[in-house]
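Everything below concerns the one structure shown next.
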Amino acid sequence: MEFSPLSSALASKSYERIADICDDIMLQVAAEGVSFQEDWPYAIHLLGHIYAGDINSMRFLWKSMPSAVKENNPEVQAAWRIGQKLWVRDYVGVYEAIRGFNWSQEAQGLVAAFSDHYTKKMFQLLQSAYSTISIQDTSLFLNMNEDDVKNYVQQQGWIVDPASQMITVKKRPIVTEQKLNPSKLHSLTEYVFHLEH
Amino acid sequence: MEVLVVNIQGLSTNPGDLPNLQNILKQAHDSLHAESIRLLPLLDMLDPSLHSLGFLYILEACTSSALSKEQASAVVLPTARFMNSCSKEQIQLAPEKFISVCKRFKDYVMQLEAPMRGVAPMLAAIRKIQSSSEHLTPLHPEFLVLCLLSKCYKAGLSILDEDIFEVDQPKDLLLYCYYGGMICIGQKHFRKALELLHNVVTAPTSVITAIAVEAYKKYILVSLIHNGQFSTSLPKYTSSVAQRNLKNICQPYIELANSYTTGKIADFESVAQKHREKFDNDNNLGLVKQAISSMYKRNIQRLTQTYLTLSLQDIANSVQLNSAKEAEMHVLQMIQDGEIFATINQKDGMVSFLEDPEQYKSCGMIERIDSSIQRIMALSRKLTTMNENISCDPMYLAKVGRERQRFDFDDFDPVPQRFNI
């Protein structure tokens, strides 16, 4: 099985491409009739889908795996646990699933990158969804202890009130580009022409 | 047979020789079919990409009679490689044979219980036989079935993104839309699933097909999940036989849809329980469960129409959740999915509902509207061309001529049925 595209993507940290590369290789190998399930890097494949945010494809991959492979491969099971937590939206559970396993060298980079990416996304979610939130919940959602979390959010401009143990969220002002392009005038002419005829 | 192989090898390189080669192959048709699977070793002497036409005829003869599991196993790999590497120009000279070979290939991989083996070759085969990306071939539904069975849903999506304007057989289109709908449901692209299932249900037909019935059942459930409502009246352009019969055949689903509109989760769950076995037999139990979860979302969304702010505890009570914390998690998930605009105030335990901040003024939004308008203009141009083509069609003119009313005296010239001069 030809895995060099996968190894080079892992080496260059282009994690968003891992899932597509794995899918392509898997279909090609299957078309050749090779029995690949024993040696297939399912853990990396699952993690690739998780990184790309495609939980549906991750679930289907899990369903298509033979049960022998599932049972004998603890790293695959650990990757599945992360996916499960994402599926049921157990926001805090995702971190526990990441921490709860000693990842192999191959998977470590991918898992660490996903963890950072996920923390940033959680921060953006908290910013858009909350006006005030307890310090305790924030530290759970961002996977930091309470002191680290206080420093982190204060750097982003949020206000910490130690008396009530609450944080006031500062919204990011939404800047949308509104410049108009002269080529739009050309498009508008096309539309009017079309409507007239 | 050796003579045949020599002919194939000799006449395949020059495109001008191909019609001659095809005649030779057609003449050999019966003797090839008599040999059937015994011809398999001949394929080793041919190159699937250079000698595609000859390879196709021999392969078609190999697979023409029923094969045992071992024989099928032997022929699957050469067929897969052929589908990947054959020459498009050569196989388009014998499209029906190519399609037969591909369909039998699908049967063999199913027999071997390895549908994933067929996904990549079938996709390659579609590209070879298609006259353009707007052409729906009989191989499209075969490909989608293989994707569904091997759980390679993402691979199926690539085909579904293409707009279809040309169809060979109506049954292909119905199956394509039905399987395509199932793939979209699996990937949670509910809007596209509704579109595809809608096409199956409203397709012109004079009989009710099983495909239309199954599509209608899924259509009802997806409509509840995605739109939060379902209307039992079908559009005017639906066939009359579908309008009269579909609702009666799918009675449990209609009952479920009616109980959804009350917003009472307990009632909906009891109807779901009552017909549980039927839903399970139809493989729709997963969709029913998704419909139940979507009710919580609808009920919370309904609250935004009445309240500007509401406490988490009140939300939990009104939507029948167990605690304020559960309500908070539901609202957080809906904010993440863009289904609601709100901010949660943990200090006071309140949620403030907001207006959609989209003002439709940004460059990004302009790009989206622009591309939609361009697509509609292209569609409009296609329709105009189709209209022009039909108005010149002799069968249409004959029908119009027969039914034409004679109102004016000036209008007395009949439409020519035949040009007799």
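Each reported figure results from applying straightforward, stated rules to the coordinates on display, with no laboratory input. In this text, all values refer to a predicted model and were calculated from it rather than measured experimentally. Cβ sites come from the backbone with ideal geometry, for glycine too, and all protein chains shown count toward neighbours.
Cβ-to-Cβ counts within 10 Å put A:Leu142, B:Leu25 in ascending order as A:Leu142, B:Leu25, the fewest first. Distances between placed amide hydrogens fall under 5 Å for B:Phe341 paired with B:Leu354, all partners being 5 or more residues away or on another chain. Computed from label points 7 Å out along Cα-Cβ, the spacing between B:Arg244 and A:Glu106 is 6.2 nm.
Each of B:Thr261, B:His33, B:Asn84 was placed along the dipole of chain B (beta-carbon charges, centred on the mean Cα), and the one lying farthest toward the positive end is B:Thr261. Shape class for chain A: oblate, because the ratio a/c of the largest to smallest gyration tensor axis (alpha-carbon atoms, square roots of eigenvalues) is 1.5 or more and b/c is at least a/b. Evaluating kT/(6 pi eta Rh) at 4 °C and 1.567 mPa s, with the Kirkwood radius of the stretch B:303-374 over Cα pairs in the Stokes-Einstein relation, gives 94 µm² s⁻¹. How big is the stretch B:235-318 by the Kirkwood estimate over distinct Cα pairs, in Å? Hydrodynamic radius (Kirkwood, Cα only) of the stretch B:235-318 equals 14.9 Å. Every helix of 4 or more DSSP H residues in chain B counts as -39500 (n - 2.57), and over all residues that averages to -20500 deg cm²/dmol at 222 nm.
Would you look at the GNM of chain B, springs on alpha carbons closer than 10 Å, and say which of B:His189, B:His140, B:His330 moves the most? For chain B, modelled as a Gaussian network with Cα springs under 10 Å, the answer is B:His330.
Ordered by the count of other Cβ atoms within 10 Å of each Cβ, fewest first, B:Asp314, B:Asp44 give B:Asp44, B:Asp314. Listed values for the stretch B:239-248 are Karplus-derived 3J(HN,Hα) couplings in whole Hz (6.51 cos²θ - 1.76 cosθ + 1.60, θ = phi - 60°), namely 5, 5, 5, 5, 4, 6, 9, 4, 4, 5, and x replaces Gly and Pro. Here the alpha carbons of the stretch A:95-170 define both size measures, Rg and Dmax, at 14.0, 45 Å. Of all DSSP beta bridges confined to chain B, the antiparallel ones make up roughly 80%. Taking a ≥ b ≥ c as the square roots of the eigenvalues of the alpha carbon gyration tensor, the stretch A:20-100 is prolate, as a/c is not under 1.5 and a/b beats b/c. Given their separation in residues at 0.36 nm each and the Cα-Cα distance between them, B:Thr304 and B:Asp107 gain 65.7 nm when the chain is fully extended.
Each 5 Å bin from zero up to the one holding the largest Cα-Cα distance in the stretch A:157-197 carries the following percent of pairs: 5, 16, 10, 10, 8, 7, 7, 6, 7, 6, 7, 6, 3, 1.
Estimated from the Cβ-Cβ distance and a Förster radius of 25 angstrom, the FRET efficiency linking B:Asn23 and B:Ser49 is about 0.65.
With 20 Å as the limit, the listed pairs B:Lys289/B:Lys325; A:Lys120/B:Lys361; B:Lys217/B:Lys274; A:Lys63/B:Lys188; B:Lys103/B:Lys218 have B:Lys289/B:Lys325; A:Lys120/B:Lys361; B:Lys103/B:Lys218 beyond it between alpha carbons. For the stretch A:1-43, the calculated P(r), taken from all Cα-Cα distances in 5 Å bins from zero up to the bin holding the longest distance, is 5, 22, 34, 23, 12, 4, 0 percent.
Of A:His197, B:His275, A:His186, B:His51, the sequence from fewest to most neighbouring Cβ atoms within 10 angstrom is A:His197, A:His186, B:His275, B:His51.
Apply the a/c threshold of 1.5 to the C-alpha gyration tensor of the stretch B:1-159 and tell me whether it is rounded, prolate or oblate. Verdict is oblate for the stretch B:1-159. Extension gain for B:Ser391-B:Ser73 works out to 109.3 nm (0.36 nm per residue, less the C-alpha to C-alpha distance). The string of couplings for the stretch B:259-274 from the Karplus curve (6.51, -1.76, 1.60, θ = phi - 60°) is 6, 5, 5, 6, x, 9, 5, 5, 5, 4, 5, 6, 5, 4, 5, 4 Hz, one whole number per residue in order, with x for Gly and Pro. With only alpha-carbon atoms in the gyration tensor, what are the semi-axes of the equivalent ellipsoid for chain B, in Å, largest first? Computed over chain B, the values are 51, 32, 22 Å. Amide H to amide H, with H built 1.01 Å from N, B:Met350 comes under 5 Å of B:Leu312, B:Asn345, counting only residues 5 or more places away or on other chains. If I take R0 = 35 Å and measure r between the Cβ atoms of B:Ser133 and B:Asn322 in this structure, what FRET efficiency does the formula 1/(1 + (r/R0)^6) give, to the nearest 0.05? Step by step, r from the Cβ atoms, then E = 0.10.
One equal scatterer on each Cα of the protein assembly as shown, no solvent, Debye formula: the resulting log10 I(q)/I(0) at q = 0.08, 0.09, 0.10, 0.11 Å⁻¹ is -0.81, -1.00, -1.18, -1.34.
When its C-alpha radius of gyration is set against 2.2 N^0.38 Å (N residues), the stretch B:67-220 gives a value of 1.05.
Largest GNM mean-square fluctuation across B:Thr13, B:Thr63, B:Thr79, computed for chain B with C-alpha springs under 10 Å, falls on B:Thr13. In this label model, B:Val5 and A:Asp147 are separated by 8.1 nm, measuring between points 7 Å along each Cα→Cβ vector.
Relative intensity of the stretch A:62-111 on a log10 scale, I(q)/I(0) at q = 0.13, 0.19 Å⁻¹, equals -0.31, -0.66, per a Debye sum over C-alpha point scatterers of equal strength in the absence of solvent.
Here the simple spin-label model places points 7 Å from the Cα toward Cβ, and for B:Ser31 and A:Ser164 these points are separated by 9.5 nm. Under a 5 Å amide H cut-off, with hydrogens placed 1.01 Å from N, B:Val167 pairs with B:Leu136 among residues at least 5 apart or on other chains.
Using Cβ point charges alone (K and R +1, D and E -1), the dipole size of the protein assembly as shown about the Cα centre works out to roughly 1160 debye.
Applying the criteria of a DSSP loop state and at most 11 other Cβ atoms within 10 Å to the GluC sites (Glu not before Pro) of the stretch A:1-86 yields A:Glu2, A:Glu38.
Could you estimate the translational diffusion coefficient of the stretch B:194-272 from the Stokes-Einstein equation, with Rh from the Kirkwood formula over C-alpha pairs, at 20 °C and 1.002 mPa s, in whole µm²/s? Estimated diffusion coefficient is 166 µm²/s. The convex hull of the Cα atoms of the stretch B:1-74, projected and averaged over all directions, covers 4.6 nm².
Across the stretch B:163-168, coupling constants 3J(HN,Hα) worked out from phi with the 6.51/-1.76/1.60 Karplus curve, θ = phi - 60°, read 7, 9, 10, 10, 10, 7 Hz, and Gly and Pro carry x.
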